[in-house]
Amino acid sequence: MAIVGSGFAGSVLARVLAVQGHRVVLIERGAHPRFAIGESTTPLANLALERLARRYGMADCYDLAAHGRWLARYPELMRGLKRGFTFYRHHPGEPFADRGLNSERLLVAASPSDAIADSHWLRADVDHHFVREAIAAGVDYRDHVEDTSAELDRHRVDFVIDASGPGGFLARELSIPSGLARTQTRSALVFSHFKDVRPMADVVPGLPDGPYPDDCAAMHHVIDGGWMYSLRFDNGVVSAGFALSPRGLAAVTAARTPDATRLWRDLLGRYPTIGAAFADAKAVMPLGFRSRIQHRLTRAAGPRWVLMPHAYAFVDPLFSTGIAWSLRAIERLALCFEDGLPDPKALRRYERLLGAEADQIDRLVAGAYEAMDHFALFAAQALIYFATMSFAEARQRLVEADPWSGFLGVGDPVLGPLPRESLRRLRRGPKRGDFERWVAAAIAPRNIAGFADPAAHNLYPVDLDVLVDRHALLGLSREEIIAALPALRGGVATNQPSVVLP
Ligand SMILES: Cc1cc2nc3c(=O)[nH]c(=O)nc-3n(C[C@H](O)[C@H](O)[C@H](O)COP(=O)(O)OP(=O)(O)OC[C@H]3O[C@@H](n4cnc5c(N)ncnc54)[C@H](O)[C@@H]3O)c2cc1C
(Lines give C-alpha, C1' and ligand atoms only; values in the text may rest on other atoms or scores of the structure.)
Protein backbone atom coordinates (compact mmCIF):
# COMPACT_ATOMS: atom_id res chain seq x y z
CA MET A 1 0.00 0.00 0.00
CA ALA A 2 1.06 3.62 -0.38
CA ILE A 3 0.85 6.69 1.80
CA VAL A 4 1.08 10.03 0.05
CA GLY A 5 2.65 12.74 2.21
CA SER A 6 5.22 12.36 4.95
CA GLY A 7 4.05 14.84 7.54
CA PHE A 8 3.90 13.23 10.97
CA ALA A 9 0.49 11.73 10.15
CA GLY A 10 1.75 9.93 7.05
CA SER A 11 4.99 8.71 8.54
CA VAL A 12 3.61 7.55 11.90
CA LEU A 13 0.82 5.63 10.16
CA ALA A 14 3.29 4.20 7.61
CA ARG A 15 5.43 2.94 10.45
CA VAL A 16 2.52 1.37 12.32
CA LEU A 17 1.45 -0.44 9.15
CA ALA A 18 5.01 -1.66 8.59
CA VAL A 19 5.09 -2.93 12.18
CA GLN A 20 1.87 -4.82 11.41
CA GLY A 21 3.67 -6.50 8.53
CA HIS A 22 2.33 -4.50 5.58
CA ARG A 23 4.58 -3.45 2.72
CA VAL A 24 4.34 0.33 2.67
CA VAL A 25 5.71 2.94 0.32
CA LEU A 26 5.69 6.51 1.67
CA ILE A 27 5.78 9.16 -1.04
CA GLU A 28 6.81 12.77 -0.41
CA ARG A 29 6.98 15.51 -2.98
CA GLY A 30 9.40 17.56 -0.87
CA ALA A 31 12.16 16.45 1.49
CA HIS A 32 12.93 16.60 5.21
CA PRO A 33 13.72 18.61 7.23
CA ARG A 34 11.10 21.06 6.04
CA PHE A 35 8.99 23.79 7.64
CA ALA A 36 5.46 22.83 8.59
CA ILE A 37 2.81 24.65 10.54
CA GLY A 38 0.65 23.11 13.29
CA GLU A 39 2.84 22.76 16.34
CA SER A 40 0.95 22.78 19.60
CA THR A 41 -0.06 19.44 21.14
CA THR A 42 -2.71 18.71 23.75
CA PRO A 43 -3.29 16.04 26.40
CA LEU A 44 -5.45 14.01 24.02
CA ALA A 45 -2.72 14.10 21.37
CA ASN A 46 -0.14 12.87 23.83
CA LEU A 47 -2.41 10.16 25.21
CA ALA A 48 -2.90 8.89 21.65
CA LEU A 49 0.87 8.91 21.10
CA GLU A 50 1.37 6.90 24.29
CA ARG A 51 -1.25 4.36 23.22
CA LEU A 52 0.32 4.00 19.78
CA ALA A 53 3.69 3.57 21.48
CA ARG A 54 2.39 0.75 23.66
CA ARG A 55 0.35 -1.07 21.06
CA TYR A 56 2.95 -1.01 18.29
CA GLY A 57 6.18 -0.95 20.29
CA MET A 58 7.27 2.59 19.38
CA ALA A 59 9.20 3.75 22.44
CA ASP A 60 10.11 7.15 20.98
CA CYS A 61 6.41 8.04 20.69
CA TYR A 62 6.06 7.41 24.41
CA ASP A 63 9.05 9.61 25.21
CA LEU A 64 7.85 12.42 22.95
CA ALA A 65 4.46 12.44 24.68
CA ALA A 66 5.69 14.36 27.77
CA HIS A 67 7.97 17.38 27.85
CA GLY A 68 10.25 15.95 30.56
CA ARG A 69 10.75 12.59 28.87
CA TRP A 70 11.30 14.34 25.55
CA LEU A 71 14.05 16.55 27.01
CA ALA A 72 15.73 13.58 28.62
CA ARG A 73 15.66 11.30 25.55
CA TYR A 74 15.58 13.56 22.48
CA PRO A 75 17.17 16.90 23.43
CA GLU A 76 18.25 17.36 19.81
CA LEU A 77 14.61 17.57 18.62
CA MET A 78 13.38 21.10 19.31
CA ARG A 79 10.16 21.56 21.25
CA GLY A 80 8.47 24.08 23.50
CA LEU A 81 6.99 23.66 26.95
CA LYS A 82 3.21 23.85 26.87
CA ARG A 83 1.55 23.89 30.28
CA GLY A 84 -1.82 25.03 29.04
CA PHE A 85 -3.88 27.52 27.05
CA THR A 86 -3.50 31.27 27.72
CA PHE A 87 -5.90 33.88 26.33
CA TYR A 88 -5.86 37.68 26.49
CA ARG A 89 -8.33 40.14 24.95
CA HIS A 90 -6.76 43.21 23.36
CA HIS A 91 -8.58 46.30 22.08
CA PRO A 92 -7.43 48.53 19.21
CA GLY A 93 -5.29 51.44 20.28
CA GLU A 94 -5.26 50.44 23.96
CA PRO A 95 -2.59 48.64 25.95
CA PHE A 96 -3.77 45.40 27.59
CA ALA A 97 -5.74 46.51 30.65
CA ASP A 98 -4.31 45.05 33.86
CA ARG A 99 -7.36 44.80 36.09
CA GLY A 100 -5.79 42.23 38.36
CA LEU A 101 -8.00 39.21 38.78
CA ASN A 102 -10.67 40.86 36.66
CA SER A 103 -8.44 41.23 33.61
CA GLU A 104 -9.63 39.90 30.26
CA ARG A 105 -7.39 36.89 30.66
CA LEU A 106 -8.09 33.14 30.76
CA LEU A 107 -5.56 30.46 31.70
CA VAL A 108 -6.44 26.78 31.60
CA ALA A 109 -3.72 24.38 32.72
CA ALA A 110 -3.42 21.16 30.75
CA SER A 111 -0.94 19.44 33.06
CA PRO A 112 0.11 19.68 36.71
CA SER A 113 3.89 19.86 36.11
CA ASP A 114 6.54 20.58 33.49
CA ALA A 115 7.68 16.95 33.51
CA ILE A 116 4.44 15.58 32.11
CA ALA A 117 3.44 18.70 30.18
CA ASP A 118 2.54 18.84 26.51
CA SER A 119 4.95 20.28 23.96
CA HIS A 120 4.94 22.44 20.89
CA TRP A 121 6.55 20.46 18.09
CA LEU A 122 9.14 22.13 15.91
CA ARG A 123 7.70 20.27 12.96
CA ALA A 124 10.89 20.40 10.90
CA ASP A 125 12.59 18.30 13.59
CA VAL A 126 9.67 16.12 14.67
CA ASP A 127 8.41 15.21 11.20
CA HIS A 128 11.97 14.39 10.12
CA HIS A 129 12.37 12.16 13.17
CA PHE A 130 9.18 10.25 12.39
CA VAL A 131 10.27 9.72 8.79
CA ARG A 132 13.62 8.32 9.94
CA GLU A 133 11.81 5.97 12.32
CA ALA A 134 9.45 4.87 9.55
CA ILE A 135 12.40 4.02 7.33
CA ALA A 136 14.01 2.12 10.21
CA ALA A 137 10.78 0.11 10.58
CA GLY A 138 10.99 -0.97 6.92
CA VAL A 139 8.91 1.67 5.15
CA ASP A 140 10.04 2.32 1.56
CA TYR A 141 10.38 6.11 1.60
CA ARG A 142 10.63 8.12 -1.63
CA ASP A 143 11.15 11.87 -1.49
CA HIS A 144 11.51 14.59 -4.13
CA VAL A 145 8.76 12.79 -6.03
CA GLU A 146 7.58 15.04 -8.82
CA ASP A 147 4.83 12.84 -10.20
CA THR A 148 3.06 11.07 -7.37
CA SER A 149 0.57 9.23 -9.63
CA ALA A 150 3.39 7.82 -11.75
CA GLU A 151 5.19 6.74 -8.59
CA LEU A 152 2.03 4.98 -7.38
CA ASP A 153 1.68 3.20 -10.73
CA ARG A 154 5.27 2.02 -10.50
CA HIS A 155 4.60 0.39 -7.13
CA ARG A 156 1.26 -1.22 -8.18
CA VAL A 157 -0.27 -0.45 -4.80
CA ASP A 158 -3.49 -2.04 -3.61
CA PHE A 159 -4.52 0.80 -1.29
CA VAL A 160 -3.77 4.54 -1.09
CA ILE A 161 -3.81 6.60 2.09
CA ASP A 162 -3.76 10.31 1.42
CA ALA A 163 -1.77 12.20 4.06
CA SER A 164 -0.91 15.08 1.75
CA GLY A 165 -2.69 17.66 3.92
CA PRO A 166 -4.12 20.63 2.07
CA GLY A 167 -1.98 19.39 -0.86
CA GLY A 168 -5.08 17.34 -1.62
CA PHE A 169 -3.52 14.63 -3.78
CA LEU A 170 -6.55 12.32 -3.99
CA ALA A 171 -8.96 15.25 -4.10
CA ARG A 172 -7.45 16.10 -7.48
CA GLU A 173 -6.80 12.53 -8.64
CA LEU A 174 -10.36 11.36 -7.90
CA SER A 175 -12.07 14.73 -8.44
CA ILE A 176 -13.57 14.62 -4.97
CA PRO A 177 -15.98 17.56 -4.77
CA SER A 178 -15.27 20.30 -2.25
CA GLY A 179 -17.41 20.35 0.86
CA LEU A 180 -16.26 23.79 1.90
CA ALA A 181 -19.81 25.16 1.85
CA ARG A 182 -20.45 23.10 5.02
CA THR A 183 -17.72 24.96 6.88
CA GLN A 184 -18.95 28.11 8.58
CA THR A 185 -15.58 29.41 9.78
CA ARG A 186 -13.63 31.65 7.43
CA SER A 187 -10.19 32.99 8.30
CA ALA A 188 -7.07 34.31 6.64
CA LEU A 189 -3.62 33.86 8.13
CA VAL A 190 -0.40 35.85 8.34
CA PHE A 191 2.41 33.97 10.05
CA SER A 192 6.10 33.20 10.54
CA HIS A 193 8.67 32.12 13.12
CA PHE A 194 10.38 34.89 15.10
CA LYS A 195 13.21 35.42 17.50
CA ASP A 196 13.49 38.08 20.21
CA VAL A 197 9.80 38.10 21.17
CA ARG A 198 9.33 39.42 24.71
CA PRO A 199 7.26 37.29 27.10
CA MET A 200 3.99 38.77 28.32
CA ALA A 201 5.34 38.95 31.88
CA ASP A 202 7.86 41.55 30.59
CA VAL A 203 5.28 43.51 28.68
CA VAL A 204 2.50 43.42 31.27
CA PRO A 205 4.36 42.88 34.56
CA GLY A 206 2.47 42.29 37.79
CA LEU A 207 -0.56 40.31 36.63
CA PRO A 208 -1.76 37.92 39.35
CA ASP A 209 -0.04 34.54 39.19
CA GLY A 210 -1.81 31.95 37.12
CA PRO A 211 -1.52 28.18 37.38
CA TYR A 212 1.68 28.29 35.24
CA PRO A 213 3.83 31.07 33.69
CA ASP A 214 1.57 32.64 31.05
CA ASP A 215 4.00 32.14 28.16
CA CYS A 216 4.60 28.42 28.78
CA ALA A 217 1.46 27.75 26.84
CA ALA A 218 -0.34 28.12 23.57
CA MET A 219 -0.83 31.89 23.83
CA HIS A 220 -3.93 33.36 22.22
CA HIS A 221 -4.24 37.11 21.79
CA VAL A 222 -7.89 37.72 20.93
CA ILE A 223 -8.48 40.89 18.90
CA ASP A 224 -11.37 42.39 16.92
CA GLY A 225 -12.44 39.74 14.40
CA GLY A 226 -9.59 37.36 15.01
CA TRP A 227 -6.76 36.19 17.20
CA MET A 228 -3.05 35.64 17.28
CA TYR A 229 -1.30 32.43 18.31
CA SER A 230 2.15 32.62 19.85
CA LEU A 231 4.02 29.41 20.65
CA ARG A 232 7.42 29.65 22.28
CA PHE A 233 9.99 26.92 21.62
CA ASP A 234 12.65 26.12 24.21
CA ASN A 235 15.33 27.78 22.01
CA GLY A 236 13.46 31.10 22.23
CA VAL A 237 12.04 31.00 18.71
CA VAL A 238 8.32 31.83 18.64
CA SER A 239 5.83 30.59 16.08
CA ALA A 240 3.19 33.29 15.67
CA GLY A 241 0.35 34.10 13.35
CA PHE A 242 -2.83 36.16 13.18
CA ALA A 243 -5.97 34.32 12.07
CA LEU A 244 -8.47 36.92 10.85
CA SER A 245 -12.13 36.60 9.95
CA PRO A 246 -13.19 38.53 6.82
CA ARG A 247 -14.31 41.34 9.16
CA GLY A 248 -11.04 41.21 11.10
CA LEU A 249 -9.01 41.41 7.89
CA ALA A 250 -11.14 44.23 6.48
CA ALA A 251 -10.56 46.23 9.66
CA VAL A 252 -6.84 46.35 8.85
CA THR A 253 -6.60 46.30 5.07
CA ALA A 254 -8.77 46.71 2.02
CA ALA A 255 -6.46 44.48 -0.05
CA ARG A 256 -7.65 40.94 -0.78
CA THR A 257 -4.07 39.70 -0.96
CA PRO A 258 -2.21 42.14 1.22
CA ASP A 259 1.53 42.32 1.55
CA ALA A 260 2.25 40.02 4.53
CA THR A 261 4.93 42.21 6.11
CA ARG A 262 2.80 45.30 5.92
CA LEU A 263 -0.26 43.51 7.28
CA TRP A 264 1.82 42.18 10.18
CA ARG A 265 3.17 45.65 10.95
CA ASP A 266 -0.29 47.19 10.81
CA LEU A 267 -1.69 44.61 13.21
CA LEU A 268 1.14 45.16 15.68
CA GLY A 269 0.56 48.91 15.38
CA ARG A 270 -3.12 48.48 16.16
CA TYR A 271 -2.62 46.44 19.34
CA PRO A 272 0.05 48.18 21.47
CA THR A 273 0.76 45.36 23.93
CA ILE A 274 1.23 42.77 21.19
CA GLY A 275 3.26 45.42 19.38
CA ALA A 276 5.48 45.83 22.45
CA ALA A 277 6.03 42.06 22.70
CA PHE A 278 7.08 41.94 19.03
CA ALA A 279 8.85 45.34 18.92
CA ASP A 280 12.33 43.82 18.53
CA ALA A 281 11.23 40.54 16.97
CA LYS A 282 12.86 39.38 13.77
CA ALA A 283 11.20 36.89 11.46
CA VAL A 284 13.52 33.93 10.90
CA MET A 285 11.77 33.15 7.61
CA PRO A 286 9.65 35.32 5.32
CA LEU A 287 6.16 36.10 6.57
CA GLY A 288 3.48 34.09 4.80
CA PHE A 289 -0.11 35.06 3.99
CA ARG A 290 -3.03 32.80 3.13
CA SER A 291 -6.34 34.39 2.25
CA ARG A 292 -8.33 31.34 3.41
CA ILE A 293 -7.06 28.43 5.49
CA GLN A 294 -10.23 26.32 5.52
CA HIS A 295 -10.64 23.32 3.27
CA ARG A 296 -13.12 20.46 3.28
CA LEU A 297 -13.98 17.57 1.01
CA THR A 298 -17.24 15.67 0.59
CA ARG A 299 -15.65 12.22 0.89
CA ALA A 300 -13.03 10.78 3.24
CA ALA A 301 -12.88 7.15 2.10
CA GLY A 302 -13.80 4.89 -0.79
CA PRO A 303 -12.86 1.57 -2.31
CA ARG A 304 -9.11 1.15 -1.72
CA TRP A 305 -8.49 4.70 -0.54
CA VAL A 306 -8.82 6.82 2.57
CA LEU A 307 -7.94 10.37 3.62
CA MET A 308 -6.18 11.43 6.80
CA PRO A 309 -7.99 14.26 8.62
CA HIS A 310 -5.75 17.07 7.37
CA ALA A 311 -6.22 15.94 3.77
CA TYR A 312 -9.98 15.85 4.35
CA ALA A 313 -10.66 19.05 6.27
CA PHE A 314 -9.14 21.92 8.18
CA VAL A 315 -11.00 24.63 10.09
CA ASP A 316 -8.71 26.93 12.08
CA PRO A 317 -5.84 26.59 14.56
CA LEU A 318 -8.04 27.84 17.43
CA PHE A 319 -8.05 25.19 20.22
CA SER A 320 -5.22 23.17 18.59
CA THR A 321 -7.35 20.28 17.43
CA GLY A 322 -5.29 19.13 14.41
CA ILE A 323 -2.56 16.94 15.88
CA ALA A 324 -4.87 15.14 18.33
CA TRP A 325 -7.44 14.53 15.60
CA SER A 326 -4.80 13.15 13.23
CA LEU A 327 -3.38 10.83 15.89
CA ARG A 328 -6.88 9.56 16.70
CA ALA A 329 -7.34 8.81 12.99
CA ILE A 330 -4.02 6.94 12.96
CA GLU A 331 -5.26 4.78 15.83
CA ARG A 332 -8.52 4.06 14.01
CA LEU A 333 -6.88 3.26 10.67
CA ALA A 334 -4.25 1.12 12.37
CA LEU A 335 -7.07 -1.00 13.83
CA CYS A 336 -8.70 -1.21 10.40
CA PHE A 337 -5.47 -2.60 8.91
CA GLU A 338 -4.64 -5.05 11.68
CA ASP A 339 -6.10 -8.04 9.80
CA GLY A 340 -5.22 -7.02 6.24
CA LEU A 341 -6.93 -4.43 4.09
CA PRO A 342 -9.82 -2.65 5.81
CA ASP A 343 -13.31 -3.87 5.18
CA PRO A 344 -15.62 -1.33 3.51
CA LYS A 345 -17.86 -1.14 6.57
CA ALA A 346 -14.95 0.02 8.72
CA LEU A 347 -14.03 2.66 6.15
CA ARG A 348 -17.60 3.93 6.04
CA ARG A 349 -17.56 4.21 9.81
CA TYR A 350 -14.27 6.12 9.63
CA GLU A 351 -15.70 8.46 7.01
CA ARG A 352 -18.91 9.12 8.96
CA LEU A 353 -16.97 9.95 12.10
CA LEU A 354 -14.53 12.24 10.33
CA GLY A 355 -17.43 14.16 8.77
CA ALA A 356 -19.21 14.59 12.10
CA GLU A 357 -15.97 15.62 13.80
CA ALA A 358 -15.08 18.19 11.13
CA ASP A 359 -18.56 19.70 11.57
CA GLN A 360 -18.13 19.72 15.35
CA ILE A 361 -14.74 21.49 15.24
CA ASP A 362 -16.17 24.01 12.81
CA ARG A 363 -19.22 24.83 14.95
CA LEU A 364 -17.14 25.29 18.07
CA VAL A 365 -14.63 27.54 16.31
CA ALA A 366 -17.33 29.48 14.44
CA GLY A 367 -18.99 30.11 17.81
CA ALA A 368 -15.70 31.33 19.26
CA TYR A 369 -15.33 33.82 16.39
CA GLU A 370 -18.89 35.03 17.04
CA ALA A 371 -17.98 35.53 20.71
CA MET A 372 -14.64 37.30 20.25
CA ASP A 373 -16.01 40.83 20.66
CA HIS A 374 -17.01 40.14 24.27
CA PHE A 375 -14.38 38.37 26.30
CA ALA A 376 -16.85 36.94 28.82
CA LEU A 377 -18.73 35.26 25.97
CA PHE A 378 -15.51 34.06 24.38
CA ALA A 379 -14.23 32.61 27.67
CA ALA A 380 -17.55 30.81 28.21
CA GLN A 381 -17.44 29.37 24.68
CA ALA A 382 -13.85 28.25 25.28
CA LEU A 383 -15.02 26.40 28.41
CA ILE A 384 -17.19 24.16 26.22
CA TYR A 385 -13.95 23.05 24.55
CA PHE A 386 -12.09 22.64 27.84
CA ALA A 387 -14.91 20.78 29.59
CA THR A 388 -15.24 18.45 26.60
CA MET A 389 -11.53 17.74 26.32
CA SER A 390 -10.85 17.35 30.04
CA PHE A 391 -13.75 14.93 30.36
CA ALA A 392 -12.45 12.92 27.39
CA GLU A 393 -8.95 12.95 28.86
CA ALA A 394 -10.13 11.71 32.25
CA ARG A 395 -12.23 8.98 30.62
CA GLN A 396 -9.31 7.90 28.46
CA ARG A 397 -6.95 7.84 31.43
CA LEU A 398 -9.28 6.25 33.96
CA VAL A 399 -12.16 4.49 32.27
CA GLU A 400 -11.64 3.44 28.64
CA ALA A 401 -9.77 4.65 25.58
CA ASP A 402 -11.70 3.55 22.52
CA PRO A 403 -10.26 5.22 19.39
CA TRP A 404 -13.70 4.99 17.83
CA SER A 405 -15.27 7.23 20.45
CA GLY A 406 -15.99 10.59 18.86
CA PHE A 407 -13.54 13.48 18.97
CA LEU A 408 -14.66 16.75 20.61
CA GLY A 409 -17.78 15.28 22.16
CA VAL A 410 -19.19 13.73 18.97
CA GLY A 411 -21.61 11.00 20.03
CA ASP A 412 -21.80 12.17 23.65
CA PRO A 413 -25.45 12.92 24.42
CA VAL A 414 -24.53 15.83 26.71
CA LEU A 415 -21.50 17.38 25.01
CA GLY A 416 -22.27 16.50 21.40
CA PRO A 417 -25.08 19.03 20.87
CA LEU A 418 -23.35 21.95 22.66
CA PRO A 419 -21.32 23.52 19.82
CA ARG A 420 -24.40 23.73 17.58
CA GLU A 421 -26.54 25.17 20.36
CA SER A 422 -23.89 27.63 21.55
CA LEU A 423 -23.37 28.89 17.99
CA ARG A 424 -27.12 29.41 17.66
CA ARG A 425 -27.25 31.34 20.92
CA LEU A 426 -24.19 33.44 20.11
CA ARG A 427 -25.62 34.41 16.73
CA ARG A 428 -28.80 35.60 18.43
CA GLY A 429 -26.72 37.98 20.56
CA PRO A 430 -27.32 36.72 24.09
CA LYS A 431 -28.01 39.09 27.00
CA ARG A 432 -25.08 39.73 29.31
CA GLY A 433 -24.67 36.83 31.70
CA ASP A 434 -27.26 34.57 30.03
CA PHE A 435 -24.78 32.77 27.82
CA GLU A 436 -22.26 32.23 30.62
CA ARG A 437 -25.02 30.80 32.83
CA TRP A 438 -26.22 28.55 30.03
CA VAL A 439 -22.68 27.22 29.42
CA ALA A 440 -22.15 26.54 33.13
CA ALA A 441 -25.38 24.53 33.30
CA ALA A 442 -24.81 22.78 29.96
CA ILE A 443 -21.34 21.48 30.83
CA ALA A 444 -22.20 20.63 34.45
CA PRO A 445 -22.83 16.89 33.86
CA ARG A 446 -19.31 16.57 32.38
CA ASN A 447 -17.51 19.32 34.28
CA ILE A 448 -14.88 17.29 36.13
CA ALA A 449 -12.41 20.20 36.27
CA GLY A 450 -14.36 22.90 38.11
CA PHE A 451 -14.85 25.20 35.12
CA ALA A 452 -17.27 28.14 35.12
CA ASP A 453 -16.52 28.94 38.76
CA PRO A 454 -16.58 32.74 39.25
CA ALA A 455 -14.21 32.36 42.25
CA ALA A 456 -11.51 31.02 39.90
CA HIS A 457 -11.33 34.37 38.01
CA ASN A 458 -10.66 32.46 34.78
CA LEU A 459 -7.45 30.92 36.19
CA TYR A 460 -7.87 27.15 36.18
CA PRO A 461 -5.15 24.83 37.51
CA VAL A 462 -5.33 21.05 37.15
CA ASP A 463 -7.36 20.51 40.32
CA LEU A 464 -7.34 16.86 41.37
CA ASP A 465 -9.46 17.62 44.45
CA VAL A 466 -12.29 18.70 42.19
CA LEU A 467 -11.78 15.54 40.13
CA VAL A 468 -12.06 13.42 43.28
CA ASP A 469 -15.19 15.28 44.41
CA ARG A 470 -16.80 14.79 41.00
CA HIS A 471 -15.87 11.11 40.64
CA ALA A 472 -19.49 10.17 40.00
CA LEU A 473 -19.50 12.13 36.69
CA LEU A 474 -17.02 9.54 35.41
CA GLY A 475 -18.99 6.66 36.86
CA LEU A 476 -16.16 5.91 39.30
CA SER A 477 -16.11 5.65 43.07
CA ARG A 478 -14.10 8.08 45.19
CA GLU A 479 -11.73 5.22 46.09
CA GLU A 480 -11.12 4.37 42.43
CA ILE A 481 -10.17 7.97 41.62
CA ILE A 482 -7.98 8.28 44.70
CA ALA A 483 -6.12 5.11 43.72
CA ALA A 484 -5.34 6.66 40.33
CA LEU A 485 -4.01 9.95 41.73
CA PRO A 486 -0.27 9.09 41.86
CA ALA A 487 -0.32 8.21 38.16
CA LEU A 488 -2.31 11.35 37.31
CA ARG A 489 0.10 13.55 39.30
CA GLY A 490 3.41 12.17 38.21
CA GLY A 491 3.32 10.30 34.95
CA VAL A 492 6.62 8.45 34.64
CA ALA A 493 9.78 10.01 36.09
CA THR A 494 12.14 11.27 33.42
CA ASN A 495 15.21 9.62 34.91
CA GLN A 496 13.80 6.14 34.42
CA PRO A 497 14.34 4.13 31.27
CA SER A 498 11.67 4.30 28.61
CA VAL A 499 8.71 2.10 29.37
CA VAL A 500 9.21 -1.53 28.50
CA LEU A 501 6.81 -1.86 25.67
CA PRO A 502 4.98 -5.10 25.06
C1 LIG B 1 -2.04 28.01 10.77
C2 LIG B 1 -2.21 26.62 11.32
C3 LIG B 1 -1.89 26.40 12.63
C4 LIG B 1 -2.09 25.14 13.18
N5 LIG B 1 -1.82 24.96 14.50
C6 LIG B 1 -2.05 23.78 15.06
C7 LIG B 1 -1.75 23.57 16.43
O8 LIG B 1 -1.25 24.46 17.12
N9 LIG B 1 -2.00 22.35 16.97
C10 LIG B 1 -2.54 21.34 16.23
O11 LIG B 1 -2.80 20.27 16.79
N12 LIG B 1 -2.79 21.50 14.90
C13 LIG B 1 -2.56 22.68 14.31
N14 LIG B 1 -2.78 22.84 12.97
C15 LIG B 1 -3.18 21.67 12.19
C16 LIG B 1 -1.94 20.88 11.78
O17 LIG B 1 -1.16 21.69 10.95
C18 LIG B 1 -2.30 19.61 11.03
O19 LIG B 1 -3.17 18.85 11.81
C20 LIG B 1 -1.07 18.78 10.73
O21 LIG B 1 -0.13 19.53 10.01
C22 LIG B 1 -1.45 17.54 9.94
O23 LIG B 1 -0.28 16.85 9.59
P24 LIG B 1 -0.23 15.94 8.31
O25 LIG B 1 0.98 15.10 8.44
O26 LIG B 1 -1.55 15.28 8.10
O27 LIG B 1 -0.12 16.95 7.06
P28 LIG B 1 1.00 17.96 6.65
O29 LIG B 1 1.81 18.40 7.78
O30 LIG B 1 0.26 19.03 5.86
O31 LIG B 1 1.94 17.15 5.66
C32 LIG B 1 1.57 16.84 4.35
C33 LIG B 1 2.78 16.35 3.58
O34 LIG B 1 2.36 15.88 2.31
C35 LIG B 1 3.26 16.32 1.32
N36 LIG B 1 2.52 16.38 0.04
C37 LIG B 1 1.56 17.23 -0.32
N38 LIG B 1 1.10 16.94 -1.55
C39 LIG B 1 1.79 15.87 -1.98
C40 LIG B 1 1.79 15.10 -3.18
N41 LIG B 1 0.95 15.40 -4.18
N42 LIG B 1 2.64 14.05 -3.30
C43 LIG B 1 3.49 13.75 -2.27
N44 LIG B 1 3.54 14.46 -1.13
C45 LIG B 1 2.70 15.49 -0.97
C46 LIG B 1 3.70 17.69 1.81
O47 LIG B 1 4.94 18.06 1.24
C48 LIG B 1 3.82 17.43 3.32
O49 LIG B 1 5.10 16.96 3.69
C50 LIG B 1 -2.58 24.09 12.39
C51 LIG B 1 -2.86 24.31 11.04
C52 LIG B 1 -2.68 25.56 10.50
C53 LIG B 1 -3.01 25.79 9.05
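Counting Lys and Arg as +1 and Asp and Glu as -1 over every other residue whose Cβ lies under 14 Å from the Cβ of A283, the net charge comes to +1.
Of the peptides 455-461, 41-47, the order by per-residue mean of other Cβ atoms within 10 Å, starting with the highest, comes out as 41-47, 455-461. Treating each Cα of segment 128-232 as an identical point scatterer and summing with the Debye formula, the log10 of I(q)/I(0) at q = 0.18 Å⁻¹ comes to -1.05.
Just order 138-145, 236-243, 51-58, 409-416 by mean Cβ neighbour count inside 10 Å, highest at the front, would you?
Ranked by mean Cβ neighbours within 10 Å, highest first: 236-243, 51-58, 409-416, 138-145.
Calculate, in nm to one decimal, what R424 and V399 gain on full extension: separation in residues at 0.36 nm each, minus their alpha carbon distance. It would help to have the intermediate numbers written out before the result.
Numbers: separation 25, 0.36 × 25 = 9.00 nm, distance 3.25 nm.
So the extension gain works out to 5.7 nm.
For segment 16-158, taking the reciprocal of the average inverse distance between every pair of different Cα atoms yields a Kirkwood hydrodynamic radius of 17.9 Å.
Could you give the size of the charge dipole of the chain about its Cα centre, using +1 on the Cβ of each K and R and -1 on the Cβ of each D and E, expressed in debye and rounded to the nearest 20?
1160
Between D209 and D453, the modelled label-to-label distance comes to 1.7 nm, taking each label 7 Å out from Cα in the direction of the beta carbon.
Here's the list of aspartates and glutamates a cross-link from K195 could span, going by alpha-carbon distance under 15 Å and ignoring same-chain residues fewer than 8 apart: D215, D234, D280. For segment 262-363, what % of the accessible area comes from carbon and sulfur atoms, probe 1.4 Å? Percent of accessible area from carbon and sulfur atoms in segment 262-363: 51. For A358, the shell of other residues with beta-carbons less than 13 Å away shows a net charge of +1, using +1 for Lys and Arg and -1 for Asp and Glu.
Where Lys and Arg each count +1 and Asp and Glu each count -1, what net charge lies around L47 among other residues with Cβ under 15 Å from its Cβ? Summing Lys and Arg as +1 and Asp and Glu as -1 gives +2.
Here the Kirkwood formula puts the hydrodynamic radius of segment 403-446 at 11.3 Å, using every distinct Cα pair.
Only helical runs count toward this figure. For the chain, summing -39,500 (n - 2.57) over DSSP H runs of n ≥ 4 and dividing by all residues gives -12000 deg cm²/dmol at 222 nm.
The HN-Hα couplings worked out from phi for segment 227-241 by the Karplus form 6.51 cos²θ - 1.76 cosθ + 1.60 (θ = phi - 60°) are 6, 10, 9, 8, 10, 9, 7, 5, 8, x, 5, 10, 8, 9, x Hz, whole numbers, x standing for Gly and Pro. Amide H contacts of H220 (H built 1.01 Å from N, in plane; Pro and chain starts excluded): T86, F87, Y88 sit under 5 Å, all sequence-distant by 5 or more or on other chains.
Listed by chain and number, the aspartates and glutamates placed with their C-alpha closer than 15 angstrom to that of K282 are D196; residues fewer than eight positions away on the same chain are left out. If you wrap the chain in the convex hull of its Cα atoms and look at it from every side, the mean projected area works out to 22.2 nm². Rounded to two decimals, the Cα radius of gyration of segment 222-372 over 2.2 N^0.38 Å is 1.29. Here the extension length gained between M285 and R352 equals 20.2 nm, from 0.36 nm per residue of separation less the Cα-Cα distance.
For segment 216-258, which whole-number percentage of the solvent-accessible area (1.4 Å probe, protein heavy atoms only) is attributable to carbon and sulfur atoms?
Roughly 55 percent, rounded to a whole number.
The values are calculated or read from the model by the stated rules, or taken from the named source; none is laboratory data. In this text, all values refer to a predicted model and were calculated from it rather than measured experimentally. Counting neighbours? That spans all protein chains shown, and the Cβs are built from the backbone with ideal geometry, glycine included. For accessibility, only protein heavy atoms count, side chains too; no ligands or nucleic acids. Shrake-Rupley method; radii C 1.70, N 1.55, O 1.52, S 1.80 Å.
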